[in-house]
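> Take a look at this one; I'll ask things after.
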Amino acid sequence: MERKKKLRDRKLKEQEQRIDEILKAARKVFFSKGFMKTTMDEIAYEAAISKPTIYKFFSTKEDLYFSLILPLMQECLHEMEEVNLQLQLNMFNSGEKLLRSVMNVFFKKYTENPDLFRIGQLYQQAGMLWVIDKKTENSIKDLARSVMDEMRSLFDSAVIRGLLRDIDRRMLTDIIVGSIIGITQLQDAKSRGLDENSIDPVISLTMNLFSDAIVLK
């Protein structure tokens with residue numbers, strides 16, 4: 001039994017390593033050539049594996065492409081949980097600081113990993129039109145739901161602590177996330193080919209507007 005367990009664990013570890021290699025190769029090729037111009041053959045060549053091996057883990061090119069955002073979403077969830085924990089430990093003395101921490105979870109991901117963030121934008125726009133493995137699709141939806149639920153829980157606590165106005169937290173979460181997605185999409189369209197830092201004043205103004213609207217202290 002022990003030997004079987006070790007063999008099973010080693011096989012699982014090898015699969016995880018192979019998936020990681022495929023994702024790294026896919027990220028490099030997709031981001032240099034774009035989704036439409038990238039082929040699975042090119043990704044297989046970059047990963048130094050056969051194309052059939054890729055299809056063992058990712059059923060389509062679309063499935064592989066959208067799988068790239070899963071680690072990003074996991075990071076967002078982890079960071080949102082960290083902000084919530086800090087709130088529970090009374091580490092925020094102002095609603096403005098809390099709100100900026102929440103919104104920065106997303107804005108920092110955009111400024112640090114714009115290409116990955118844009119995959120998330122594309123999924124929001126047309127994800128249902130793409131051929132995505134059900135497991136990948138469910139993982140994306142579950143992570144997105146978890147992030148939103150964590151935000152709502154966080155805002156519930158902030159209202160109780162008198163940091164934010166007592167408004168519909170579900171609606172507030174939807175408005176904030178929708179605004180961030182829309183702002184980054186618009187900025188991409190306006191500043192294509194320009195310095196990514198050009199969005200900094202837009203982020204600052206967005207945070208100020210939300211702060212003025214919902215922060216109590």
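The values are calculated or read from the model by the stated rules, or taken from the named source; none is laboratory data. Predicted model, so just to flag it, every value in this text is computed and none were measured. Cβ sites come from the backbone with ideal geometry, for glycine too, and all protein chains shown count toward neighbours.
> Which one is farthest from the chain's Cα centre (by Cα), of the residues in the stretch 67-120 that are of a type in the set (Asp, Glu) and over 22 Å from Gln185 (Cβ atoms)? Break it down stepwise before answering.
First pass over the stretch 67-120, keeping only residues of a type in the set (Asp, Glu): 75, 79, 81-82, 96, 112, 115.
Okay, now just the ones that are also over 22 Å from Gln185 (Cβ atoms), so 81-82, 96.
Working: Glu81: 14, Glu82: 16, Glu96: 23 Å.
Here the residue is Glu96.
> List the residue pairs whose Cβ atoms are under 6 Å apart, where the first residue sits in the stretch 13-27 and is in contact (Cβ under 8 Å) with a residue 40 or more places away in the chain, the second is surrounded by 12 or more Cβ atoms within 10 Å (Cβ to Cβ), and the two are 6 or more positions apart or on different chains.
Pairs that qualify, where the first residue is in contact (Cβ under 8 Å) with a residue 40 or more places away in the chain and the partner is surrounded by 12 or more Cβ atoms within 10 Å (Cβ to Cβ), are Ile22/Ala47; Ile22/Ile54; Ala26/Ile43; Ala26/Leu64; Arg27/Leu68.
> Also, quick follow-up: Would you confirm whether or not the stretch 142-152 contains a residue that is surrounded by fewer than 16 Cβ atoms within 10 Å (Cβ to Cβ), modelled with pLDDT under 85, more than 18 Å from Glu96 (Cβ to Cβ) and assigned by TED's automatic domain parsing to the domain that holds Glu75?
no
> Turning to a different aspect of this structure: Take the residues in the stretch 167-194 that are within 19 Å of Leu122 (Cα to Cα) and charged (D, E, K, R), then tell me which one is modelled with the lowest pLDDT. Before you say what the answer is, go through the steps one by one.
From the stretch 167-194, those within 19 Å of Leu122 (Cα to Cα) are 174-193; that's our starting set.
If we keep only those that are charged (D, E, K, R) too, we end up with 174, 188, 190, 192.
Numbers: Asp174: 95, Asp188: 79, Lys190: 76, Arg192: 61.
Checked the stretch 167-194; the qualifying residue modelled with the lowest pLDDT is Arg192.
> Only one of (1) modelled with pLDDT of 90 or more; (2) crowded, with 16+ Cβ neighbours inside 10 Å; (3) not aliphatic (A, V, I, L, M) fails for Glu137. Which number is that?
Every listed condition holds for Glu137 apart from (1).
> Would you call Met91 in a loop (DSSP other than H, G, I, E, B) and not polar (S, T, N, Q)?
Working: in a loop (DSSP other than H, G, I, E, B): yes; not polar (S, T, N, Q): yes.
Against the criterion (in a loop (DSSP other than H, G, I, E, B) and not polar (S, T, N, Q)), Met91 qualifies.
> Taking only the stretch 52-75 into account, find how many residues are free of Cβ contacts under 8 Å to residues at least 24 places away in the same chain and hydroxyl-bearing (Ser, Thr, Tyr).
Selection size over the stretch 52-75: 1.
> Also, quick follow-up: What tally of residues in the stretch 41-64 results from selecting those that are surrounded by fewer than 17 Cβ atoms within 10 Å (Cβ to Cβ), assigned to a helix (DSSP H, G or I) and not hydroxyl-bearing (Ser, Thr, Tyr)?
Going through the stretch 41-64, the residues surrounded by fewer than 17 Cβ atoms within 10 Å (Cβ to Cβ) turn out to be 41, 45, 48-53, 55-57, 59-60.
If we keep only those that are assigned to a helix (DSSP H, G or I) too, we end up with 41, 45, 51-53, 55-57.
Adding the requirement that they be not hydroxyl-bearing (Ser, Thr, Tyr) leaves 41, 51-52, 56-57.
Qualifying residue count for the region: 5.
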